Amino acid sequence: MDIKNKIEKLLPEDIEFGIAVEHVESGDTFEINGDKVFPTASIFKVPVMVEVFRQAREGKFNLNDRLELQSRYKTLTTGVLLTLQDGLMLSIRDLMMLMTIISDNTATSMLMELVGAENITHTMHELGLPSMSIVITVHEMFLHAFGIPDQKDISLKDLYQRAHEVEMDYTSRTFSRGTDNDVSSAKDMTRLLSMIQKGEIVDPEASQEMIEILRNQQYSSRVPRYLPWRSVANKTGTMRGLRNDSGIITCSPESHAAYSIFSFDPTPLQFGDRHYKDERASSIEKIMGEIGLIIYNEYLVK
């Protein structure tokens, strides 16, 4: 049984998946709905990181330059900066680390303002990744999902309250598959990661630093779940019904597999039923772990 068939047998019929894998050294690829466009959730932070490195290399700023934490950047839910006092001065390099390894949404907003969302999308298209569109921050995702897109200046306290009162709307812009949202196909995101592994994005040194940032990922319950420690450099993405994971698996020192797994679970969820939500999410994460193990064993060079 080939690797694609092994993975297909793991996929439940009631959950939509888009999967793409590329063995970096040989160029071998396989896809399951690889061209289908999905909302990226926080995986769009990989293209954000790429654009930050690109503009730094152009001399627009230095990665050791510092930006000031301000209340206007703070948003739900992941990260630590939303809990810290205003006035903290953080290096751009540290903001990238926070954005990536703990998916800090406040750090992401600060970096997106620095480089401009339109520049991120333009760079992705210049790299030959036409399905990618990066146009809104995570803060804006929450505003649309909770039905208050015009309240950009809402306080963090009021946004918390809204999240406790209203379920996310699957028909909102946050879950759009169009260019009005942050979207990508699994194929294009995998291609980007393969180019990073080959040292082709910005320059070899920048590509290597991106890998090292991704390798410090703190969320390891998906593809890295059953794999050796630090063998995966990845970024996860999560929103209601969305569970995504993209990265690079080091199967052995001379064998690497870039991958993207996007998923959407349309199952109706009773508002406030955290137990059922967790059960649905955990089942998808376990499947991703099994997929990671299949990929690792397929390309392990003994």
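The values are calculated or read from the model by the stated rules, or taken from the named source; none is laboratory data. These numbers come from a predicted model, not from an experiment. Positions of Cβ are backbone-derived with ideal geometry, glycine not excepted, and every protein chain shown enters the neighbour counts.
Criterion first (touching a helix residue (DSSP H, G or I) at 6+ places or on another chain (Cβ under 9 Å), at pLDDT 95 or above and either more than 21 Å from L214 (Cα to Cα) or of a type in the set (V, I, T) (or both)) does E140 satisfy it?
On the way: touching a helix residue (DSSP H, G or I) at 6+ places or on another chain (Cβ under 9 Å): yes; at pLDDT 95 or above: yes; either more than 21 Å from L214 (Cα to Cα) or of a type in the set (V, I, T) (or both): yes.
Yes: the conditions hold for E140.
In the set Q55, Q85, which member is over 19 Å from the mean Cα position of the chain (by Cα), over 24 Å from M168 (Cβ atoms) and either touching a residue at least 60 places away in the same chain (Cβ under 8 Å) or outside any loop (DSSP other than H, G, I, E, B) (or both)? Talk me through it step by step, then tell me what you get.
Values: Q85 fails: either touching a residue at least 60 places away in the same chain (Cβ under 8 Å) or outside any loop (DSSP other than H, G, I, E, B) (or both).
Only one candidate passes the filter, namely Q55.
Somewhere in the range 100-108, is a residue surrounded by fewer than 21 Cβ atoms within 10 Å (Cβ to Cβ), farther than 22 Å from S194 by Cβ and either at pLDDT below 95 or touching a strand residue (DSSP E or B) at 6+ places or on another chain (Cβ under 6 Å) (or both)? Don't jump to the end; show me each part of the working.
The first filter runs over the range 100-108 and keeps only residues surrounded by fewer than 21 Cβ atoms within 10 Å (Cβ to Cβ), leaving 101-102.
Narrowing the set further to residues that are farther than 22 Å from S194 by Cβ leaves 102.
The next check asks that each one be either at pLDDT below 95 or touching a strand residue (DSSP E or B) at 6+ places or on another chain (Cβ under 6 Å) (or both); those that pass are none.
Looking for residues that are surrounded by fewer than 21 Cβ atoms within 10 Å (Cβ to Cβ), farther than 22 Å from S194 by Cβ and either at pLDDT below 95 or touching a strand residue (DSSP E or B) at 6+ places or on another chain (Cβ under 6 Å) (or both), one finds none in the range 100-108, hence no.
Which one of these does D245 not meet: (1) in a strand (DSSP E or B); (2) over 19 Å from E8 (Cα atoms)?
The number of the failed condition is (2).
This table checks each residue for (1) surrounded by 15 or more Cβ atoms within 10 Å (Cβ to Cβ); (2) closer than 19 Å to I43 by Cβ.
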| site | (1), (2) |
| --- | --- |
| A258 | yes, yes |
| F264 | yes, yes |
| H275 | no, no |
| E290 | yes, no |
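Which of the numbered conditions does F175 fail, given that it passes all the others? Conditions: (1) hydrophobic (A, V, I, L, M, F, W, C); (2) farther than 30 Å from S71 by Cα; (3) surrounded by fewer than 24 Cβ atoms within 10 Å (Cβ to Cβ).
Evaluating F175 over (1) hydrophobic (A, V, I, L, M, F, W, C); (2) farther than 30 Å from S71 by Cα; (3) surrounded by fewer than 24 Cβ atoms within 10 Å (Cβ to Cβ) leaves (2) as the failure.
Of the conditions (1) within 30 Å of E200 (Cβ to Cβ); (2) of a type in the set (A, V, I, L, M); (3) free of Cβ contacts under 8 Å to residues at least 60 places away in the same chain; (4) surrounded by fewer than 20 Cβ atoms within 10 Å (Cβ to Cβ), L114 satisfies every one except a single condition; which number is it?
L114 satisfies all of (1) within 30 Å of E200 (Cβ to Cβ); (2) of a type in the set (A, V, I, L, M); (3) free of Cβ contacts under 8 Å to residues at least 60 places away in the same chain; (4) surrounded by fewer than 20 Cβ atoms within 10 Å (Cβ to Cβ) except (3).
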